[in-house]
Amino acid sequence: MSKIIVDAFSRWDLVSHGIVLCGATFLSLMTLGVLYGIYNAFIHPLRRYPGPLLWTSFRFPYVVAIHSGNIHRRLRVFHDKYGPIVRIAPNELSYADATAWKDIYGNRPGHQPFERNRTWFKKMSPDEPHSMMGYSEEAHARQKRAFANSFSEKSLRDQSPVIESYIDSFMSQLRARSSGRQWTEKTVDLSDWFVFLMFDISGDLSFGESFGCLSTGKAHPWVEIAQDFGKGLSLIASVNLYRPVDKILRYIIPNHIRQRQVAHREMSAAMAKKRLSSKVDRPDWVTPAKNYADSKNALSEGEWAINMTIIIFAGAETTSSALCAIARHLLQHRGALHRVTEEIRSAFATEGDIKIASTGNLPYLNAVISESLRIAPPAAIGVPRVVPKGGDTICGQWVPEGTYVSYNQYSANRQQHNFHHPNSFLPERFLDPNPGSDNFSSLQPFLMGRHVCIGMKLAYAELRVILARLLFAFDMRLADEKDRWDWGEQDTYILWDKRPLNVALRRRSLH
């Protein structure tokens, strides 16, 4: 009996010691966490920058906002409260001061470049090549030179008939789904159809064939996966923020997301290989790059595949978002819709006259596009850059090396110090610019410096001709007139998680 009692007390002693050890470990971790937060808030080199206390102390509020899709709304509130420079994490600053554009993204003699944040652009595997969107400045510069001729003025002229043929198909599909010359209950989700159009164009110019979205009226599997790119990137990046345990945390990423990414890469590689093996010269993005690339700029098969994927996505998703934002703002502002429609219909006698070459000089249409890009930039948040070794000056203030910095366009363009009536849709501000009330240097929807979007001219050309064709041929109105909300109410995962845009289309009466 005494032995049993002794054994029982021994087991209890072990259990109690375990409980005490666990409790001590928990308290130690809690203490370390509190000390970590105190250090970040009151001792860290960035302590003088204003920001919400919990965000400046710990990284997790930022990660939660990224996962929730409301990071852009939180940043807007923070800039409203704290000013043009806000500390949004222990080692990260958000800027809404236009001077930061040149300081962070520009080419400044005597200053090292601010590298793209490797946390966001980490390669999926060691053997994956760098891309134009990667953190390697050398690879970015070399690959951008390889594609320079693909996006030249000459190439755009050559590609115009291809682009316009897909717009013809787009218009035919809308006519088939419109209500004729009378308003009826028939509606069209323009958000979907803009996506179908832009991915078909980009697929043809990259892989030599469209994805067939316009003909089938639904997204190709490649397109479906591509539209989740922003969510996947932000989820992976948030895991990468927690080094050195990021390799373990990767296992919390849902398996279907990893599988879809792998499938997407495999599809892209197969389509790129098929296009590259073709000896056909055609007006697209591949032929000029193949014909003009010298030995210094030549791309490997892997670089072709990954860059084609990026170019398609960047060209299609951002432009379709811009089209959707422009259409929604016009439908919610009938005066602007009437004015731009009248400008287009007065400029052209027939729809067939509306070409990429003929739509450049429409002042109010250009103003509408610029204002939509201001109030609803396709890339709502800026992927952070990293302050180089030795630190540097941004907006006249010294920032230590290793700090993450970014210019967040959605929140910046909604600030009173940058634009008067910043939350209002006012295309007129671009017709008679007033530097005293609007700081147009804040507006850089395609970035600037060495990382300026290579397809900027193409994007503007596509926006003008698509909108001109649409507004020339149709009268439009919201399917539900109560469907009115601010564009920023949508969630964003770097790119917008777009809601449907259901509209009624009535064919224009010519009499």
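The values are calculated or read from the model by the stated rules, or taken from the named source; none is laboratory data. Because the structure is predicted, anything quoted here is derived from the model rather than measured. Virtual Cβ from ideal backbone geometry, glycine too; neighbours counted across all protein chains shown.
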Suppose we filter the range 97-130 for residues that are in the same structural domain as residue 392 (by TED's automatic domain parsing) and in contact with an Asp or Glu (Cβ under 8 Å, 6 or more places away or on another chain); how many remain? 6
Being of a type in the set (Val, Ile, Thr) and not in a helix (DSSP H, G or I) is the filter here, so list the residues in the range 310-369 that pass it. 350, 354, 359
Scan the range 458-480 and give yes if some residue there is part of a helix (DSSP H, G or I), among the β-branched types (Val, Ile, Thr) and assigned by TED's automatic domain parsing to the domain that holds residue 362, otherwise no. yes
Please verify whether the range 478-490 includes one or more residues that are under 15 Å from the mean Cα position of the chain (by Cα), over 14 Å from residue 371 (Cα atoms) and of a type outside the set (Gly, Ala, Ser). yes
Scanning for something surrounded by fewer than 16 Cβ atoms within 10 Å (Cβ to Cβ) and not basic (Lys, Arg), does the range 454-469 turn up at least one residue? yes
Pick from the range 359-380 the residues that are aliphatic (A, V, I, L, M) and out of contact with any strand residue (DSSP E or B) (no Cβ under 7 Å at 6 or more places or on another chain): which of them is farthest from residue 66 (Cα to Cα)? 362
Being more than 20 Å from the chain's Cα centre (by Cα), assigned by TED's automatic domain parsing to the domain that holds residue 459 and not aliphatic (A, V, I, L, M) is true for just one of 227, 173. Which residue is that? 173
Taking into account only those residues within the range 104-125 that are more than 21 Å from the chain's Cα centre (by Cα) and in contact (Cβ under 8 Å) with a residue 24 or more places away in the chain, which is farthest from residue 47 (Cα to Cα)? 107
Out of curiosity, is residue 183 assigned to a loop (DSSP other than H, G, I, E, B) and more than 28 Å from residue 288 (Cβ to Cβ)? yes
Residue, nearest to residue 367 (Cα to Cα), within the range 481-511, restricted to residues that are in contact with a Lys or Arg (Cβ under 7 Å, 6 or more places away or on another chain), part of a loop (DSSP other than H, G, I, E, B) and modelled with pLDDT of 95 or more: 501
Within the range 400-421, can one find any residue that is assigned by TED's automatic domain parsing to the domain that holds residue 327, aromatic (Phe, Trp, Tyr) and without any contact (Cβ under 8 Å) to a residue 40 or more places away in the chain? no
Scan the range 257-305 for residues that are modelled with pLDDT of 85 or more, more than 14 Å from residue 206 (Cα to Cα) and assigned to a loop (DSSP other than H, G, I, E, B) and jot them down. 299, 300
Residues of the range 192-216 that turn out to be in contact with a His (Cβ under 9 Å, 6 or more places away or on another chain) and either outside the structural domain of residue 498 (by TED's automatic domain parsing) or not in a helix (DSSP H, G or I) (or both), as a count: 3
Looking only at the range 79-101, which residues are under 15 Å from residue 409 (Cβ atoms) and either more than 22 Å from the chain's Cα centre (by Cα) or in a helix (DSSP H, G or I) (or both)? 79, 99, 100, 101
Whichever residue in the range 370-428 is of a type in the set (S, T, N, Q) and part of a strand (DSSP E or B) and, among such residues, is nearest to the chain's Cα centre (by Cα): 406
Specify the residue that is surrounded by the most Cβ atoms within 10 Å (Cβ to Cβ); the eligible residues are those in the range 168-220 that are of a type in the set (Phe, Trp, Tyr) and touching a residue at least 40 places away in the same chain (Cβ under 8 Å). 199
Members of the range 84-101 that are touching a His at 6+ places or on another chain (Cβ under 9 Å), over 22 Å from residue 58 (Cβ atoms) and of a type outside the set (Asp, Glu): 84, 96
